[in-house]
Structures are given as structure tokens and as C-alpha cells.
Amino acid sequence: MRIELRGVRKRFGKTDVLRGIDVTVESGRRVALIGPNGSGKSTLLRAVLGLLDCEGEVLLDGRSPSQERIRLARRVAYVPQIAPQLSASVGEVVRLVALTRDIPVGRIAELGARLELDVERIRVRPFRKLSGGMKQKLLIAIAFASGAELLVLDEPTASLDAAARERFFELFGELSTNATLLLCSHRIEELRHLADHVLALNEGRVTHDCPVTSFLGERGASVLEVQVDSSEGAEWLADRAFRSGAPGWWVRTLSQADKVPLVRELTQKLDGTLRNLLIRDLVKVDASTEGSEHVA
């Protein structure tokens, strides 16, 4: 599904939240929508879904999602960051979605099981009584079972543990390559594994509209934390711009391009004295504000 945003603006009171967004997302593209809190990401998602009226024009395959919501609804799937507080039971929610989407109930249950959610066991429980992780798993299973041409995912793995997050990646990899993705995420691994393009917002304006590889190459950084148990190892780290921290620990921030050569070198040089090695990738999303980072 093709997304077109032309001069999209939105104001709440005296606050301009979106300030003239002009973006085209071609069908089948996987786009990561990123930016600091308050940058306008959630407002933009709601505009694309037709849940919010804005100035300018929003088109999905040439149709307005606010004016032709019913016609487009079956072609779009949405996983919100905060699940709705539905009083209906899990079984009722699944049956209603299966009926309106014309998909087998068993398909939703199958995908739920792959996320370690037993849909049949919890079918009589009110949806709002589920844990945050269980709600997220059910919403993901419903979205992935829908066969939607546009998937709008707002922090889809925020409530998932590490194992469930890996299964999410597996399921995502099985989706049709023709489906368009609009992903709002703070996790670098999701940008790498789920997206091919980055759309970055800051203060309601687009600051980056480029391939993921270009964005990460320009904005990415890595933090290396190394623990050694020898004075020789400590001296070697100090000579390479590591700074000391807790007893035995040393840390350095460097570009992602420099990360692999340095890790290879330190594992060779510190062999036998290296006790621990931690690597965190991060990316700065706002060029005008130091320290505004998304951390994996």
C-alpha cells in the first residue's frame, strides 16, 4: 500500500505538532518512524490511520483514510503501543476479528502459540485483564494473521521478553514482501531487522528520510564495556582511550564502523585476562540536541 503525505499539519491549541510533512512511502517499503518524545510520531501514525483530522492530504493508495475508513479498514492492521481496555473476552475479540477479516480463528491461535500465548486457555478472560505482554502478543497475532497490506506497529515489542521478541522477528520475516510497514520504535535491532528506510521527526518536521544503512552509518555509535583482571590489560585499555569505571571495568564510546576492528583487537590482546565484554549500540536521533539517543 502506498502512503502519501502532502503538507500535513496538526495543531493542538497553540502547539504545532506536525509542521508540513511531505513524504511518500512506496508500496512494500518497511519504514521506521523515529524521533524524540514529543516529535509528532504518534500524531502522524493517527493521521495515517484516519483517526485524526489534519490539514493537508493523507492518502493510502490514493484514498483518504479519514473519509474512506471502512473501505480501507480491512487492508490495514494496527498494533498500538498501549492496548485498548476492552471488556470483551479474548474469545469474543478473536471471533469478531476473524469474522470481519474473513480469516480462520485457528490462524490467530496458531500465531499466538508461536509467541507462547495459549489463546484457547485464556479465551474466557476479559481482554483488559490480561498482562501487558499477553495483550501485545494477541494484538501481534491478530495483525500478522490479517494479511493486511499496511501494518502500523507502534512499539510492538515494548512489553515482550527477549524470547518473545525473537519469535516476533521470525513471524515478521514470514510476512508478504508486498506489505508496507510503518514502525515506530526505540530499538536499534528493530531498525536493522525490520526496516529498510528511516523517517525521523523532530519538533513536527522531517529531519531524515533515507535508507536505514545510511542513517545508522551517519548517526550510529557503540559503547564498549570491558572488565579485565590484570594491570597490563588496564594499561592497554587506557592507551586506547578507554576510561576506568567500577573496579576492573573500562568503557569507551566509538563509531559503529570502528567497533568490530577494536573488538577483534581487544579479544586477541586481552586473551586470558578478559573477564567480561558488553556492547551496546545506540543512535542519536536529533542532530541539534546532544545526548538524544535511542539505545538497543
Problem - Residue in segment 27-55 that is surrounded by the most Cβ atoms within 10 Å (Cβ to Cβ), counting only those that are outside any loop (DSSP other than H, G, I, E, B) and among the hydroxyl-bearing types (Ser, Thr, Tyr) - result: Thr43
Practice task
Only residues that are surrounded by 15 or more Cβ atoms within 10 Å (Cβ to Cβ), part of a loop (DSSP other than H, G, I, E, B) and more than 14 Å from the chain's Cα centre (by Cα): list them for segment 155-185, please.
Solution key: Leu175, Ala179
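Which of the residues belonging to segment 4-15 are of a type outside the set (Gly, Ala, Ser) and either touching a Phe, Trp or Tyr at 6+ places or on another chain (Cβ under 6 Å) or exposed (fewer than 15 other Cβ atoms within 10 Å of the Cβ) (or both)?
First pass over segment 4-15, keeping only residues of a type outside the set (Gly, Ala, Ser): 4-6, 8-12, 14-15.
If the condition is that a residue be of a type outside the set (Gly, Ala, Ser) and either touching a Phe, Trp or Tyr at 6+ places or on another chain (Cβ under 6 Å) or exposed (fewer than 15 other Cβ atoms within 10 Å of the Cβ) (or both), then Arg6, Arg11, Phe12, Lys14, Thr15 are the ones that fit.
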Practice task
Would you be able to say whether some residue in segment 68-85 is small (Gly, Ala, Ser) and in a loop (DSSP other than H, G, I, E, B)?
Solution key: yes
Handout entry: Residue in segment 137-147 that is closer than 30 Å to Cys210 by Cβ and at pLDDT below 95 present
Key = yes
Fill in the blank from the handout: Cβ pairs under 8 Å, 6+ apart or interchain, first in segment 243-255 and in contact (Cβ under 8 Å) with a residue 12 or more places away in the chain and farther than 13 Å from Ala221 by Cβ, second polar (S, T, N, Q) and surrounded by 13 or more Cβ atoms within 10 Å (Cβ to Cβ), ordered by first then second residue, are Gly248/Gln227; Trp249/Gln227; Trp250/Gln227
Problem - Test result for Gly91, at pLDDT 95 or above and over 23 Å from Phe172 (Cα atoms) - result: yes
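The values are calculated or read from the model by the stated rules, or taken from the named source; none is laboratory data. Note that the coordinates shown come from a computational prediction; the quantities given were computed from them, not determined experimentally. Counting neighbours? That spans all protein chains shown, and the Cβs are built from the backbone with ideal geometry, glycine included.
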